[in-house]
Structure formats: C-alpha cells, structure tokens
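The values are calculated or read from the model by the stated rules, or taken from the named source; none is laboratory data. As the structure is a computational prediction, the values presented were derived from the model and not from experiment. Cβ coordinates were reconstructed from backbone atoms using ideal geometry, including for glycine residues, and neighbour counts include every protein chain displayed.
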Amino acid sequence: MEKSSAELLILSLVEARPRHGYEISKLIEQRSGGSVRFHVASLYPLLYRLERRGWLSGRWVEKNGQRRRRYYRLTRQGRKVLASQLAGICSRHQSHHRGGKCLTGSQKFYAALLR
C-alpha cells in the first residue's frame, strides 16, 4: 500500500470521531477483509507524522481500569487534505465511469483502500 493511501485511510477513519491507534488498526483490517494490516512499527510512526503535519491532533485519555490511550482527531487542515484527496478520487471515478455519481460515505473508504 502506498504511503498516501495509508494516510488517506487513517484520515477517513478519524473524520467521524476521534479514535485510538489500536481501533484504527482493527477497523482497517476489518474493512479490508484482512488484506490490509498495520503493525505497531508502521502505524504509530504514521500517526505521529500526520500529527506533526497538523492533519491530526492527538490527546492522551485515561479511563479507570484501562491503559492510557492516545486518541486522534482530524484537524481543520486535515479535513482540507482529506476533502482534496477524496475530490481527486471522485474526479477519477467520474471520468472512468463517464460522469456517474461520486462515491459517498463509507464508499469513500473503500475507494481509498482500493486506490
């Protein structure tokens, strides 16, 4: 998987609500039918890189009886990047399918995954 595709997957998953790294990893694995898996050694450096770019914002959350987790949310800049990337997917999709409707909702995730 290309680095930009991995970034887009992560941005897509945190668009709706903040998520922690393990949850992001499991969602990608689940939604890809197990064909895409992130290991700790690759996922967390990617999350930190997205945070340094200003596309994600992370904060530590502690809950009773659970280990401390870092939750990531999409920033305003991250939303712009995601919108731009998804618009590119829509353009390619529409030109390939001769003006058909653009993908919406969870279909965007699958389009990004298959890119």
remark   = Exception for residue 66 within (1) outside any helix (DSSP H, G or I); (2) surrounded by 15 or more Cβ atoms within 10 Å (Cβ to Cβ) falls at (2)
ask   = Can we say residue 30 is in a helix (DSSP H, G or I) and surrounded by fewer than 14 Cβ atoms within 10 Å (Cβ to Cβ)?
value = yes
key: Single unsatisfied condition, residue 77 versus (1) at pLDDT 75 or above; (2) part of a loop (DSSP other than H, G, I, E, B); (3) not small (Gly, Ala, Ser)   = (2)
request  = Answer yes if at least one residue in region 42-54 is farther than 18 Å from residue 89 by Cβ and in contact with a Leu (Cβ under 6 Å, 6 or more places away or on another chain), and no otherwise.
outcome  = yes
message = Which numbered condition in (1) modelled with pLDDT of 85 or more; (2) not in a loop (DSSP other than H, G, I, E, B); (3) not hydroxyl-bearing (Ser, Thr, Tyr) is the only one that residue 86 fails?
response = (1)
request  = Could you list, in sequence order, all residues of region 24-54 that are at pLDDT 95 or above and among the acidic types (Asp, Glu)?
outcome  = 51
